[in-house]
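Since the structure comes first, as structure tokens, the remarks are kept for the end.
All of the numbers you see were taken from the coordinates with simple rules; none came from a lab. Because the structure is predicted, anything quoted here is derived from the model rather than measured. So basically every Cβ, Gly included, is an ideal-geometry build from the backbone, and we count neighbours across all protein chains shown.
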Amino acid sequence: MDNMISVVVFYQSIEIKKVVQEILRNKYQRILYCDIKTNQDQFIAFMEDKSKPTLFIYAFEQPKEAVEFNEIIVSLNNSKKILSDKYLSLLICCREHREAAYFECSKGRFYSYETYKPVYDMNRIRLSITQMCDLLTSQDKVHFYEEDKKAIINKLQYVSVQLHEVETSIVDEQGVQHSLLNELINEIDKLCNGDMSKESEKVQNHVAKIKPKVENFKAHNQNYFNEIGTKVRAAAPSYKKKMPLVLVVDDQNVMLKIITTILKPKGFDVEVAINGAAAINKLKSCKPELILLDIDMPVMNGIQTLKNMKSMEQLENVPIIMLTSITDKESFIECRQLGAIDYIVKPTNAETLLKKIFAVI
């Protein structure tokens, strides 16, 4: 049983509801089925628990009906803020409407789509649901890892501050003790160099023996404080300069692997997405300093994705470099007009890739 995911199924007919019920049977603990006339309060109450990521399944005969219902949900969220950042949407419709379904997915309204008429490919729909839930849970785990990472960094920073205060205290105490020792040595020098009667020669001899012992103590004191200071500095956490996060969007796994292999040894953090819709969704959980975006991709191509990205406020100052095997100059010009800062023709080499990246960040 998967208890890490909440599933909401919006459906139009009992027929498709039964299909989805069979697919989800004995797999997910928290499921809400809503027909298009369901009371909104039931949905709102279900969505109050934001501890789990949510998969929305829109099961309608035509995509336009799913779009209308999706707009209701969006409007409801705008007024009541019922959705968390951790969700994906799957559209299930009749096969004859797959072109319209693809169009809605390419705009980012739904993450992906499947068809259920005239042939019910249960395993295919089940696989898509499983893959989307895996993606949601992996994003959720990344979120928790990031929170843990922040907590650890905060603790290390606190330890660093405390150690710095200890080091400062040691330096101050070293100065005080050395001042006192110097005063004592000066007084001994006065006794040793002053005029003394013969009766005081014995005392003078004893005082003369004290001076080297005091000087030895001063030297030992100096070495001790130096050693403690060195150990404190060595114990202080050191922080490497954080390299930028790069989001790489390409439908070719080979290209994703090549670019990741080039960037990670250079210290870059790398996130990947296999199409534009996946990239838009990933931007809900990460903030890249640079985006490498392929032009020719399924679901949502690079030009459509670029338009969407440039409309997002958080990406206003994020440079986007296009990746393409296309040599069509018009595509390059269109991308530049839409806000892309540069382009790289695939296949590329490490030198060219890094040169382009370092030129914009």
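In order along region 347-361, the phi-based Karplus estimate (6.51 cos²θ - 1.76 cosθ + 1.60, θ = phi - 60°) of 3J(HN,Hα) comes to x, 10, 10, 4, 4, 5, 4, 5, 4, 5, 5, 5, 6, 10, 10 Hz; Gly and Pro are listed as x. Here the relative contact order of the chain, from alpha carbon pairs under 8 Å that lie six or more residues apart, stands at 12 percent.
For the chain, taking Cα atoms only, Rg and Dmax work out to 34.1, 125 Å respectively. In sequence order, region 79-89 has phi-based couplings of 8, 10, 6, 8, 9, 8, 7, 9, 8, 9, 10 Hz under the Karplus curve 6.51 cos²θ - 1.76 cosθ + 1.60, θ = phi - 60°, and Gly or Pro positions carry x.
Around the amide H of residue 360, modelled in the peptide plane, lies no amide H under 5 Å away from a residue 5 or more places distant or on another chain. Qualifying trypsin sites (Lys or Arg not before Pro) in region 34-107, where qualification requires a DSSP coil assignment and no more than 13 other C-beta atoms within 10 Å, comprise 37, 81. Taking amide H as placed 1.01 Å from N in the peptide plane, the amide H of residue 112 sits under 5 Å from that of 89, 91, each at least 5 places away or on another chain.
In this calculation the C-beta distance from residue 341 to residue 107 is compared with R0 = 22 Å, giving a FRET efficiency of 0.35. Computed over the Cα atoms of region 316-361, the ratio of the radius of gyration to the Kirkwood radius (Rg/Rh) comes to 0.97.
In plain terms, the bigger the Kirkwood radius, the slower the diffusion; for region 279-330, with that radius from Cα pairs, at 4 °C and 1.567 mPa s, Stokes-Einstein puts D at 111 µm²/s. In order along region 272-286, the phi-based Karplus estimate (6.51 cos²θ - 1.76 cosθ + 1.60, θ = phi - 60°) of 3J(HN,Hα) comes to 10, 9, 8, 6, x, 4, 5, 5, 4, 5, 5, 5, 6, 10, 9 Hz; Gly and Pro are listed as x. Over the Cα atoms of region 245-358, what is the Rg over Rh ratio if Rh follows Kirkwood? Rg/Rh for region 245-358 comes to 0.92.
Give me the Kirkwood hydrodynamic radius of region 1-108 in Å, from all C-alpha pairs, to one decimal place?
14.4
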